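To start, the structure itself, in structure tokens.
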Amino acid sequence: MALDAEHRLVVSAIVGRRTEEETRRLVEDFQQRTQGRLMDLMTSDENPAYAPAILEAYGQTVQPRRKGRRGRRPAPVKKPPKGLKYATVHKTRVKNRVVSVERRVIFGTVTAVLAALAASAVSTEVNTVFVERHNGTDRHRNARKARKTYRFSKDWEVHEAVTCFSLYNYNFCWAVRTLRERDADGKWQPRTPAMAAGLTDHVWSLREWLTFPAVQRE
């Protein structure tokens, strides 16, 4: 899952195992949904599939110079564009307990990553806590994912459908407590991730979300 931490918005999600192919699909989907814009900062755990997937989706193709006058030209390669910032979290565990956390910059410079964190409205550290917290919320909202339960899915297609249903209606129908704002009268007004991201101006009901046309025709 790709999450906008500032607005708690689920941008992309792929239902499947954390394989290299599925990771590439996730990054490609995220890149398309955000129209290829470079994010202020991208973070993840240290799954090795993320770096090549991000480079493939956002990298610029460069033709290396040929050494000497003879021989074939070197094959084109992908290089990270200026402004791409990506860092990971490395956790060291002893007896299944985290004893240390190390931040590693993969693309960009340490200075650029620190500058992005300084400008962030939600965090001053490279971390994955927002995704981990959302995973807990998702298990709460989707009984099929609850641990040690008899409500697990027996059919993969149904599991995929319910997962997408719970993940994406969260954006428009679930008012997140930490996103609420005070109005002119000092009263707390609920906000969903979609409201925080400027995609809508009210909390949607499930009926409104389910009956909204998927394709808008003029």
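Overview of results
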| item | result |
| --- | --- |
| Heavy-atom accessible surface of the chain: percent carbon and sulfur, 1.4 Å | 50 percent |
| Linear extension gain, residue 72 paired with residue 47, 0.36 nm per residue minus alpha-carbon span | 5.5 nm |
| Global form of the stretch 114-176, assessed from the alpha-carbon gyration tensor, a/c cut-off 1.5 | prolate |
| The stretch 2-98: radius of gyration over Cα atoms, expressed as a fraction of 2.2 N^0.38 Å | 1.36 |
| Under 29 Å from residue 79, Cα to Cα: lysines that are on another chain or at least 8 residues apart | 67, 91 |
| Mean separation of Cα contacts under 8 Å (6+ apart) over length of the stretch 13-76, as relative contact order % | 28 percent |
| Surrounding net charge for residue 46, when Lys and Arg each add one and Asp and Glu each subtract one, Cβ distance under 15 Å | +1 |
| 20 Å Cα-Cα reach of residue 154 towards lysines, excluding residues that sit fewer than 8 places from it in its own chain | 145 |
| Alpha-carbon spread of the stretch 96-218, three principal axes, descending order, Å | 47, 47, 35 |
| For the stretch 36-129: accessible area per residue (Å², 1.4 Å) | 71 Å² |
| Mean Cβ count within 10 Å, highest first, over the residues of peptides 84-97, 66-79 | 84-97, 66-79 |
| Pairwise centroid distance, computed over Cα atoms, of the stretch 186-214 with the stretch 136-165, Å | 23 Å |
| Rounded to 10°, Cα long-axis angle of helix 110-119 versus longest principal axis of the chain | 20 degrees |
| Size of charge dipole - the chain - debye, nearest 20, with Cβ of Lys, Arg +1 and Asp, Glu -1, no other charges | 1240 debye |
| Average Cα contact separation per residue, the chain, under 8 Å, 6 or more apart, as relative contact order % | 16 percent |
| Local electrostatic count, residue 177, Cβ distance below 14 Å [Lys/Arg +1, Asp/Glu -1] | +4 |
| Charge sum, other residues only, whose C-beta stays under 11 Å from residue 106's C-beta, Lys/Arg counted +1 and Asp/Glu -1 | +2 |
| Viscosity 0.890 mPa s, 25 °C: Kirkwood-radius Stokes-Einstein D of the chain over Cα pairs, µm²/s | 122 µm²/s |
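The values are calculated or read from the model by the stated rules, or taken from the named source; none is laboratory data. Please read these numbers as outputs of a predicted model, since none were measured by experiment. All Cβ positions, glycine included, derive from the backbone under ideal geometry; neighbour counts span all protein chains shown. Keep in mind that these areas ignore ligands, DNA and RNA; they rest on the heavy atoms of the full protein, side chains included. Shrake-Rupley method; radii C 1.70, N 1.55, O 1.52, S 1.80 Å.
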